[in-house]
Amino acid sequence: MSSFFPDLTLPIGVFDSGVGGLTVLNALREKLPASNFLYFADTARVPYGRKPPGMVRDFAFQIMEFLLQQNASHIVVACNTACAAALPELIRHSPVPVCGVIEPSVAVAAAATRNGCVGVIGTKATIASQVYQSALQARGLTAWAQACPMLVHLVEEGLVDSDEAELLVRHYLKQHPEIDTLILGCTHYPFLRHVVDRVLGNAVTLVSCADAVSDLIAHSLNGSSTAAALPPGKTVHITTGDAAAYRHTSALIGADVQGEVISLDEHLLSAKTK
Ligand code: DGL
């Protein structure tokens with residue numbers, strides 16, 4: 001298969017069901033400006049959060065395989081639902097380091113909480129997996145969890161500043177115990193951070209995995225590619241759905257998509273004709 005980075009350093013592969021993982025990608029690009037990134041958005045199959053874990057696991061393996069064929073040096077699973085369904089297995093089967101988003105978020109929340117009561121919101125599948133609740137409880141914390149199935153649709157439709165967003169966030173958060181920290185346990189949710197902030201007020205600290213994960217990876221790469229002397233890295237986006245729609249949604253939600261956006265079909269077709 002032809003490479004997107006023929007003469008350059010190997011890319012870091014990042015994937016999600018859609019635009020959510022851009023929160024992680026953009027934090028990574030900020031900390032590792034000279035690195036190359038290959039971002040895979042499975043927009044033809046979004047949302048993952050309502051699908052059975054076995055199906056999401058298969059999707060995650062297919063995408064990891066594609067990123068490995070493209071010589072990814074690291075894989076970042078920028079999707080809580082895929083991490084909940086398959087992260088330990090992905091790590092076991094990958095020849096390169098694989099990083100998920102759940103443990104780093106739990107570690108940040110554990111450091112942030114003062115009263116020991118941490119909330120987490122996520123997709124149906126992530127919350128049903130209990131992966132966050134178990135990790136928080138294993139640290140002696142009280143966990144409150146709430147599935148918010150409609151929020152991914154809002155973000156994928158670009159409706160992050162709508163009345164509907166406010167209404168739904170209020171609905172999902174209307175009953176909660178005295179949490180002082182809330183994990184945004186879906187990478188789409190940071191695009192609704194301003195709404196969650198408005199609904200919960202300043203007393204609750206919001207934790208998004210983007211900073212935690214990007215710190216971890218930048219640290220493990222020794223920040224080597226942050227050297228100012230190096231030229232800026234390249235980012236390529238692959239979408240399983242329509243590439244123009246992906247660009248459009250990203251612009252609506254304020255995600256800064258830089259670099260080429262290519263649909264997987266287009267890429268496979270051009271690889272065949274080479
Ligand atoms: N952004 C993803 C997550 O962190 C997936 C959301 C979805 O496709 O339902 O869980």
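Note on the chain: with a GNM built from Cα contacts shorter than 10 Å, the maximum mean-square fluctuation among ALA143, ALA244, ALA212 falls on ALA244. The order of VAL261, VAL56, going from fewest to most other C-beta atoms within 10 Å of their C-beta, is VAL261, VAL56.
Label zone of MET55 (point 7 Å out along Cα→Cβ, amide N under 15 Å): in the range 124-159 this covers 124-126.
Could you tell me the relative contact order of the range 120-274? Use alpha-carbon pairs under 8 Å, at least six residues apart, and round to a whole percent. If you can, show how the numbers build up before the last one.
Numbers: 154 pairs, mean separation 31.4, N = 155.
Once divided by the residue count of the range 120-274, the mean separation gives 20 percent.
Using the Karplus relation 6.51 cos²θ - 1.76 cosθ + 1.60 with θ = phi - 60°, the per-residue 3J(HN,Hα) values for the range 106-117 come to 5, 4, 5, 5, 5, 6, 7, 5, 9, 9, x, 10 Hz, with x marking Gly and Pro. Principal-axis analysis of the Cα atoms of the chain puts helix 80-93 at an angle of about 50° to the longest axis.
Among VAL131, VAL257, rank each residue by its count of other Cβ atoms within 10 Å, from fewest to most, as a rough exposure measure.
Details: VAL131 23, VAL257 19.
Listing VAL131, VAL257 from fewest to most nearby Cβ atoms yields VAL257, VAL131.
Summary of the geometry: the range 35-77 and the range 157-186, compared by the centres of their Cα atoms, lie 26 Å apart. Counting every alpha-carbon pair across the chain, the share separated by more than 35 Å comes to 13%.
Quick one: of the DSSP bridges fully inside the range 103-213, what percent are antiparallel, nearest 5?
Values: 0 of 14 bridges.
About 0 percent, rounded to the nearest 5.
Of SER162, SER250, SER214, the residue with the greatest mean-square motion in the GNM of the chain, using alpha carbon springs below 10 Å, is SER162. What is the calculated FRET efficiency for LEU230 to ASN115, with r their C-beta to C-beta distance and R₀ = 45 Å, to the nearest 0.05? Efficiency, from the Cβ-Cβ distance: 0.55.
The length gained on full extension between ARG198 and GLU30, counted as 0.36 nm times the residue separation minus their Cα-Cα distance, comes to 57.8 nm.
Pick out which of ALA109, ALA82, ALA255 has the largest mean-square fluctuation in a Gaussian network model of the chain, springs linking Cα atoms closer than 10 Å. Judging by the Gaussian network model, the answer is ALA255.
With r defined as the distance between the Cβ atoms of GLN130 and THR273 and R0 fixed at 51 Å, what FRET efficiency is calculated, to the nearest 0.05? Efficiency, rounded to the nearest 0.05: 0.60.
If we count other beta carbons within 10 Å of each Cβ, what is the order of LYS124, LYS174, LYS51, fewest first? Write out the running numbers ahead of the final one.
Numbers: LYS124 16, LYS174 9, LYS51 20.
Going from sparsest to densest Cβ surroundings: LYS174, LYS124, LYS51.
For the range 123-170, calculate the relative contact order in percent as a whole number, restricting contacts to Cα pairs under 8 Å that are 6 or more residues apart. Contact order relative to length: 32 percent.
Coordinate-derived values only; no laboratory data. The structure displayed is predicted, hence computed values, not measured ones. Cβ: placed from backbone, ideal geometry, glycine included. Neighbour counts: every protein chain shown.
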